[in-house]
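Read through the structure below, which is laid out as structure tokens, and then see the notes.
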Amino acid sequence: MGSPGGPGKLFIPTAPDKGSFPLDREGVCKKTLTDYLTCLARNNSKTEPCREQVKGYLECRMDNGLMEREELSKLGFKDDTSKSVRNS
């Protein structure tokens, strides 16, 4: 048994493209996450009907410093740039 990647290979982790995605340990966005997951359950895991809920969840995370502020258009919401890049 060797290390993953074979003998002499050293795994060097790299940071995610958009930085870290901290856990919401205090549950400040738990309601918006629950709303999104409930919507997914009602819609057989189809994401399109739940766009408003996921947008609310991402905005909550940005508002509470759990992810960097980003334009919604860069997060896949091409049709809506409202509420994007707010100055905190």
- Note on the structure: Here the residues within segment 22-39 that are over 15 Å from the mean Cα position of the chain (by Cα) and of a type in the set (A, V, I, L, M, F, W, C) are Cys39
- Residues (at pLDDT 70 or above and open to solvent by less than 80 Å² (accessible area, probe 1.4 Å)) located in segment 13-32: Pro22, Asp24, Gly27, Val28, Cys29, Thr32
- Item | Qualifying residue in segment 51-64 (condition: assigned to a loop (DSSP other than H, G, I, E, B), open to solvent by less than 60 Å² (accessible area, probe 1.4 Å) and either closer than 21 Å to Lys31 by Cα or modelled with pLDDT of 90 or more (or both)) | no
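Can we say Leu10 is among the hydrophobic types (A, V, I, L, M, F, W, C), modelled with pLDDT of 95 or more and over 13 Å from the mean Cα position of the chain (by Cα)?
Numbers: among the hydrophobic types (A, V, I, L, M, F, W, C): yes; modelled with pLDDT of 95 or more: no; over 13 Å from the mean Cα position of the chain (by Cα): yes.
In short, no.
Of these, Ser73, Ser84, which one is open to solvent by less than 60 Å² (accessible area, probe 1.4 Å) and modelled with pLDDT under 90?
Working: Ser73 fails: modelled with pLDDT under 90.
Exactly one of Ser73, Ser84 is open to solvent by less than 60 Å² (accessible area, probe 1.4 Å) and modelled with pLDDT under 90, namely Ser84.
The values are calculated or read from the model by the stated rules, or taken from the named source; none is laboratory data. Computed from a predicted model, the values in this text were never measured in an experiment. To get the accessible areas, we keep the full protein, side chains included, count just its heavy atoms, and leave off ligands, DNA and RNA. Shrake-Rupley method; radii C 1.70, N 1.55, O 1.52, S 1.80 Å.
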